[in-house]
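Working notes, beginning with the structure itself.
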Amino acid sequence: MIRIAELSCGAEYSGIQKEIERAAETVGAKIVYPEVSLDDILNVEEKFGVRVSSGDLNMAMARAVRIVENPDLADAVIVMTCFRCAEAAIIRSEIRKFIHERSRIPVLSYSFTERTTAETLLTRMEALVTTVKYRGLLGRERQTGLTAGIDSGSTTTKSVVMRDNQVIGTGWVPTTEVIKSAEDAFAAALKEAGVQKEEVQGLGVTGYGRFLVGKHFNARLVQEEITVNSKGAVFLADAQQGPATVIDIGGMDNKAIAVQDGIPGGFTMGGICAGASGRFLELTSRRLGVDITELGKLALKGNYQNVAMNSYCIVFGTQSLVNSLSMGCKPEDVAMAACHSVAEQVYEQQLQEVEVKEPVIMVGGTSLIEGLPRAMEELLHLKVKVPPHAQYIGAVGSALLVSGLLEG
Amino acid sequence: MAKVIVYPPTSMILSDLVERTGHKALVVPEQVRKLVTSTEIESPPLNMTPEEPKKGLRYAAVDVPSGVRGRMALIGPLIEEADAAIIMEDPGWLTGCAGCNRTNELVRLLIRTKGIPVLDLKYPENDSQAREFVRKIKAFLEGLK
């Protein structure tokens, strides 16, 4: 049983404690609360560096100190505090850093409301457990044999076939009916690879539709996208050793993952505001009358500063888009402003919650919209790497990891 | 008999002193007892559910963190019920704590703006201060009769 230490403030009073425990139970983990003494809490500033006015936050910090001093107490940590609490936001981030810098225990931080459910937490919790449970498998650096991966995403379904560490076939279709889309993408990858389905030694599945698709294909590996995508990203970017930061701006949610030696150390997954998603860029391209594959090239010719656009909400973002076009702004400026707006929100909302270390790898279909990595480079003042097959990272990660299971 | 809310609202020392003088102390543990005994246990140990932060909207707006609103779902009705209050300044965690200082601030504000008699006290540091502390509470509570 994987033990996840909960360091939180307000979860009980928000009525979501049961949801946290239910999510942990679903992924075969158990929530634990490291014991601390009153002295540990009263003297927390000596060891942690600060003491605040809210007692539960001081207790969370004291628990972080205890875990760092006794790493055997927990296999993973979740740091959870109320959404919109400034005091808690500061401490949540500091606790994450404190544990990250002083131990190898994976940490997940999350701010909740009373609407947070077990389902919201499930993928995050699953990734945390996978990081602990399959550390050996995640350390795998080479794909062997003939394996395949399917990434059943919210917007698109991707598939790859790999042989002896090389991608030999790819398939990509828009997600409509989940199983049908997976079948089509897989068939396209098999065709390009020139192999029959029966020859494939192992299939790994990830993405939103992973459970349904995994069951349909009787997949050997059915895995959430955080661990799989980070594995695929460092594999494709040839950054399997040392630190890396993976940014995946998806159709429905975004992931920022701090990776060490190919294994996620800390991550955030956002998905509340569609203004910071690939969906917004899709909408922008439609409004500008260009294909999504051309949006990035158009954006590179533009200047985002000529257009006022920065909204967390896809509706208000679209309003800015329409307003700017009606005011005579150039399409290329609007395209770059849309890319910049998405990048800025990911930067503000998510990249503050992970340790950004080079190389910074952008993956997923949106990374191919050239304006987006460019905007991220400007915000981070760092070079952003977009690896080959960046849109297939989930499928590649699945194919790579499942090959490890075949040997076991 | 008066209903007296104490601050911190989890303070057993203060609630004991109130009860000894024949008044009713309004404290959080009593509210929690109601939660865990009057309905089915859905979410142990406190049996707080996402409904509690919604009830807390009576005392704090939706942009106030859910943990504050959930705590207010327990403490707010006590403030509404109170005829008098005893507020201990800088109580230290051993006296009782709501866990969240934003909640503490809101509780003190709502007590003071209610317009009921309030006794303000400092946390006693020594034996003679403690005796004076108890004497003041006794005099305040006797004055409520």
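Computed from the coordinates by the stated procedures, all read-outs in this text should not be read as laboratory data. Just so we're clear, the structure is a prediction, and the values are computed from it rather than from any experiment. Cβ coordinates were reconstructed from backbone atoms using ideal geometry, including for glycine residues, and neighbour counts include every protein chain displayed.
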Exercise. How are the Cα pair distances of region A:307-408 distributed, in percent, across 10 Å bins from 0?
Worked result: 14, 35, 30, 14, 5, 2, 0
Exercise. Where does region A:35-161 land on Rg/Rh, using Cα atoms and the Kirkwood Rh?
Worked result: 1.08
Exercise. Over all directions, what mean area does the Cα convex hull of chain B project, stated in square nanometres?
Worked result: 8.7 nm²
Problem set entry | Over 23 Å between alpha carbons, listed pairs A:LYS231/A:LYS255; A:LYS18/A:LYS97; A:LYS18/A:LYS47; B:LYS34/B:LYS136; A:LYS47/B:LYS122 | A:LYS18/A:LYS97; A:LYS18/A:LYS47; B:LYS34/B:LYS136; A:LYS47/B:LYS122
Exercise. What's the extension gain from A:LYS191 to A:ARG115 if we count 0.36 nm per residue and subtract their Cα-Cα distance?
Worked result: 22.9 nm
Seminar exercise, completed: Exposure proxy check on B:THR21, A:THR268: fewest-to-most Cβ neighbours within 10 Å is B:THR21, A:THR268
Problem set entry | Candidates per GluC sites (Glu not before Pro) in region B:3-78, loop by DSSP, up to 15 other Cβ within 10 Å | B:GLU40, B:GLU42
Exercise. Most exposed first by the Cβ proxy, i.e. fewest other Cβ within 10 Å, how do A:MET80, B:MET12 rank?
Worked result: B:MET12, A:MET80
Problem set entry | Distant-in-sequence amide H partners of A:VAL222 (H built 1.01 Å from N, under 5 Å) | A:VAL205
For this session: Quick one: which residues, 5 or more positions from B:LEU26 or on another chain, have an amide H under 5 Å from its amide H? H modelled 1.01 Å from N in the peptide plane, none for Pro or chain starts.
Result: B:VAL4, B:ILE5, B:VAL6
For this session: Calculate one ³J(HN,Hα) per residue across region B:99-105 by plugging θ = phi - 60° into the Karplus curve 6.51 cos²θ - 1.76 cosθ + 1.60, and present them in order as whole Hz with x for glycine and proline.
Result: x, 10, 6, 5, 5, 4, 4
Problem set entry | Long-range tail of P(r) for the protein assembly as shown (Cα pairs > 31 Å, %) | 55 percent
Seminar exercise, completed: As a percent rounded to 5, the proportion of antiparallel DSSP bridges among beta bridges in chain A is 50 percent
Exercise. What is the calculated FRET efficiency for B:SER128 to B:GLU30, with r their C-beta to C-beta distance and R₀ = 25 Å, to the nearest 0.05?
Worked result: 0.20
Seminar exercise, completed: On the formula 1/(1 + (r/R0)^6), with r taken between the Cβ atoms of B:GLU81 and B:GLU40 and R0 of 25 Å, the FRET efficiency rounded to 0.05 is 0.50
Exercise. Quick one: Kirkwood hydrodynamic radius for region A:239-386, alpha-carbon pairs, angstrom, one decimal?
Worked result: 15.1 Å
Problem set entry | FRET efficiency for A:GLU177 and A:THR144, using Cβ-Cβ distance with R0 set to 35 Å, rounded to 0.05 | 0.60
Exercise. Which whole-Hz ³J(HN,Hα) couplings does region A:357-374 yield from phi under the Karplus relation 6.51 cos²θ - 1.76 cosθ + 1.60, θ = phi - 60°, glycine and proline marked x?
Worked result: 10, 6, x, 8, 10, 9, 9, x, x, 5, 5, 7, 7, 3, x, 6, x, 5
For this session: Going by C-beta contacts inside 10 Å, put B:ILE86, A:ILE247 in order with the fewest on the left.
Result: B:ILE86, A:ILE247
Seminar exercise, completed: If the chain between A:GLU377 and A:ILE90 were fully extended at 0.36 nm per residue, the gain over the current Cα-Cα distance would be 100.8 nm
